[in-house]
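Visitor: Just passing along the structure, written as structure tokens.
The values are calculated or read from the model by the stated rules, or taken from the named source; none is laboratory data. Owing to the predicted nature of the structure, the values given are computational and were not obtained by experimental measurement. Backbone-built Cβ (ideal geometry, glycine too); neighbour counts: all protein chains shown.
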Amino acid sequence: MLDQLNVSSQPDLRQLLADLSRLSKTRPDQALDQAEAILKNAPGLVPMLCLAGHLARRTGDLERARTHLETALKHDPKASPALAEMGALASTRGEYEVAARCFRKMLDQGNKHADVWFNLALAQENLGSIVAAADSYRRALEAGAVNAAEIRARRGGVLAMSGQESAARAEYEQALALDPESIAAHLGAGMMALADGDFEGARASFRRCVSLDPHCAEAWQQLIEAGQVGDPEDGDLRQVRKLLSDPGVPAESRERLGFALGKACDDLGLYTEAFEHYRQANELKRRRLPAFDRRAWASEVDRLIATTADEKPCASSQAEIVPIFIVGMPRSGTTLVDQILTCHPDADGIGEVPFLDRVRNDDDSIRSNYLERLAATGARAVTNKYPANFRHLLTLRRLFPEARIIHVVRDPLNTCLSIYFQDFPSGNLYANDLQDIAAYYAGYRRLTDTWAGRGSGVLRVGYESMLDDLEKVAHGLLAYCGLSWDPACLEFERNPRPVDTLSRWQVRQPLYHSSAGRWRHYQDQLQPLVEALGPLSR
């Protein structure tokens, strides 16, 4: 009997843990019950507490798991198994800051195993700490990780997000050399091809993925989204419908397939069906991710308005480089403006860099470090198209008096609908609920209206005005940025620069006017959004 075992004896304890681990492979619930029965007699047995936490996590009882692991860490704050399990639990719950702290503590204590570096990298990636994640993946490889192909593929992904396209491609190539059947590497290579505008090459990579795994939802999603669906009997569309009708498909795959099917139905004019697929996909994503805190966002808006009320420009000397910040709501046309400007031979871009979200050191350091990064491009004018920099307009003006700041605006209902229909890879927690989107949009308008009232020197560009007269808008953009006229800027779809945002397909096409009144196809479903926005919907 379990209660007759001498659990204070190391040989007995090792045997008991081994027996429970074997049982857990088939009956984790029974193994958990037996572990907890032992803990009643030996409540401070750290290895058993760690096992109980692991088993509770596997059975889905996350609070029970947390209780066991917190108890283990009270008895031994340095216990690596407890820290590892707590990190895994935190990641499961989406608490990536907690996870990262656990894995860093293990590393600080000398546990530099490849798995620890890998798990830290995953947490950093989910936190948006892209540079740190790339370094941690590298450390995992140097520590002799057995899953080297997977790690190289993931490292390729974060390098691509940081704008290091050549390094990302090299990682994908090395991953495929190690494992020609690495789905992650084929997916990554396909995404790089999409960014380059090589849609045929991208589709070939995604088809390789589904040939290796017919249930690869991410590849099916990209196959649907990397073009326009014009035939209701399209073969890829049929496969997506078939997969989505299978009740055995995991929730996260159903989420991806729902976004894909919504997009296909929207292409085909099946608007009622499209909205229902988007609604279901958003609901699945909302359950998986932490909730958007509307009150916290409203408080943040209040804080930003109050703390920047008296900000004055720095006395810094004018830089030879002209920083350009392109801001606005997601899906408002910021990528289009970026493509127009970076078609100019004297301009380049650094993608979406949210440096003010994380940096809090002195002004001179922020300014010099940022300008150094821009100088590395070799261009005279350099864009940063991180849309959410609208939160820091006056701070940007203070740090960079010479900057050009372009605020791209679009019809509110079209903007909010496009956000709801978009499967954002990370962040943007407000994007999966119409009421949340309305709350975020209201905060955005409060900030940008306040900044405009304080004379922030921002150029306002309407998305619809670009549809009406692109040449006129392009002339104005170039003049504002101190760039001479160049007709190449009208052919933004031919811009050879990689596009690593969710608009990668749209900006490779000529402008199309159908996007202007898109919300009208969904006006019945959007009544809750219209009511939540109130006067802002007009």
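Visitor: Using the structure shown, decide if Gly110 is at positive phi, in contact with a Pro (Cβ under 8 Å, 6 or more places away or on another chain) and surrounded by fewer than 18 Cβ atoms within 10 Å (Cβ to Cβ).
Guide: Here the answer is no, as Gly110 does not meet what is asked.
Visitor: As an exercise: evaluate Asp357 against (1) surrounded by fewer than 19 Cβ atoms within 10 Å (Cβ to Cβ); (2) in contact with a Ser or Thr (Cβ under 9 Å, 6 or more places away or on another chain); (3) assigned to a helix (DSSP H, G or I) and give the number of the one condition it does not meet.
Guide: The failed condition is (2).
Visitor: Sticking with this structure for a sec: Scanning the stretch 89-106 for residues that are surrounded by fewer than 17 Cβ atoms within 10 Å (Cβ to Cβ) and farther than 19 Å from His68 by Cβ, which turns out nearest to the chain's Cα centre (by Cα)?
Guide: Gly94
Visitor: Considering only the stretch 277-294, how many residues are surrounded by 13 or more Cβ atoms within 10 Å (Cβ to Cβ) and assigned to a helix (DSSP H, G or I)?
Guide: Of the residues in the stretch 277-294, 11 are surrounded by 13 or more Cβ atoms within 10 Å (Cβ to Cβ) and assigned to a helix (DSSP H, G or I).
Visitor: Checking Lys472 against (1) surrounded by 13 or more Cβ atoms within 10 Å (Cβ to Cβ); (2) among the charged types (D, E, K, R); (3) at pLDDT 95 or above, which single condition isn't satisfied?
Guide: With respect to (1) surrounded by 13 or more Cβ atoms within 10 Å (Cβ to Cβ); (2) among the charged types (D, E, K, R); (3) at pLDDT 95 or above, Lys472 is out only on (1).
Visitor: May I ask you to list the residues in the stretch 249-276 that are surrounded by fewer than 17 Cβ atoms within 10 Å (Cβ to Cβ) and under 15 Å from Arg287 (Cβ atoms)?
Guide: Pro250, Ala251, Glu252
Visitor: Just checking, which of Ile340, Ile350 is in contact with a strand residue (DSSP E or B) (Cβ under 9 Å, 6 or more places away or on another chain), farther than 25 Å from Arg256 by Cα and either in contact (Cβ under 8 Å) with a residue 60 or more places away in the chain or among the aromatic types (Phe, Trp, Tyr) (or both)?
Guide: Every option except Ile350 fails the conditions.
Visitor: Mind checking which residues of the stretch 516-529 are outside any loop (DSSP other than H, G, I, E, B) and either of a type in the set (Gly, Ala, Ser) or in contact with a Leu (Cβ under 7 Å, 6 or more places away or on another chain) (or both)?
Guide: Within the stretch 516-529, Arg518, Trp519, Tyr522, Pro528, Leu529 meet the criteria.
Visitor: Check Glu464 against each of (1) buried (at least 17 other Cβ atoms within 10 Å of the Cβ); (2) touching an Asp or Glu at 6+ places or on another chain (Cβ under 9 Å) and name the one condition it does not meet.
Guide: It fails just one condition, (1).
Visitor: Turning to a different aspect of this structure: Which residue, of Ser136, Ser129, is crowded, with 18+ Cβ neighbours inside 10 Å and either in contact (Cβ under 8 Å) with a residue 60 or more places away in the chain or under 17 Å from the mean Cα position of the chain (by Cα) (or both)?
Guide: The match here is Ser129.
Visitor: Go through the stretch 258-276 and report how many residues are assigned to a helix (DSSP H, G or I) and more than 17 Å from Asn432 (Cα to Cα).
Guide: Qualifying residue count for the region: 7.
Visitor: Under the condition of being of a type in the set (A, V, I, L, M) and in contact with a Cys (Cβ under 8 Å, 6 or more places away or on another chain), which residue from the stretch 436-476 is farthest from Trp297 (Cα to Cα)?
Guide: Of all residues in the stretch 436-476, those of a type in the set (A, V, I, L, M) come to 437-439, 442, 447, 452, 458-459, 461, 466-467, 470, 473-474.
Now drop any that are not in contact with a Cys (Cβ under 8 Å, 6 or more places away or on another chain), which leaves 437-438, 474.
Values: Ile437: 11, Ala438: 12, Ala474: 34 Å.
Step by step, filter the stretch 436-476, then rank; the result is Ala474.
Visitor: Let me ask another. Has the stretch 388-404 got any residue that is in contact with an Asp or Glu (Cβ under 6 Å, 6 or more places away or on another chain), closer than 29 Å to Leu483 by Cβ and among the basic types (Lys, Arg)?
Guide: Among the residues of the stretch 388-404, at least one is in contact with an Asp or Glu (Cβ under 6 Å, 6 or more places away or on another chain), closer than 29 Å to Leu483 by Cβ and among the basic types (Lys, Arg), which makes the answer yes.
Visitor: Answer yes if at least one residue in the stretch 313-324 is assigned to a helix (DSSP H, G or I) and either loosely packed, with under 11 Cβ neighbours inside 10 Å or at pLDDT 90 or above (or both), and no otherwise.
Guide: No, the stretch 313-324 contains no residue that is assigned to a helix (DSSP H, G or I) and either loosely packed, with under 11 Cβ neighbours inside 10 Å or at pLDDT 90 or above (or both).
Visitor: Any residue in the stretch 167-196 that's more than 12 Å from Arg154 (Cα to Cα) and touching a residue at least 12 places away in the same chain (Cβ under 8 Å): show its pairings with residues that are of a type in the set (Asp, Glu) and part of a loop (DSSP other than H, G, I, E, B) at Cβ separation under 6 Å, as long as the two are six or more apart or on different chains.
Guide: So the pair list comes out as Ala195/Asp500.
Visitor: Then there is this: In the stretch 327-350, which residues are touching a Phe, Trp or Tyr at 6+ places or on another chain (Cβ under 8 Å) and assigned to a loop (DSSP other than H, G, I, E, B)?
Guide: Met329, Pro330, Ser332, Gly333, Cys343
Visitor: Moving to a separate point now. Suppose we filter Gly230, Gly262 for residues that are among the small types (Gly, Ala, Ser), modelled with pLDDT of 95 or more and in contact with an Asp or Glu (Cβ under 9 Å, 6 or more places away or on another chain); which single one remains?
Guide: Working: Gly230 fails: modelled with pLDDT of 95 or more.
Residue meeting the stated conditions: Gly262.
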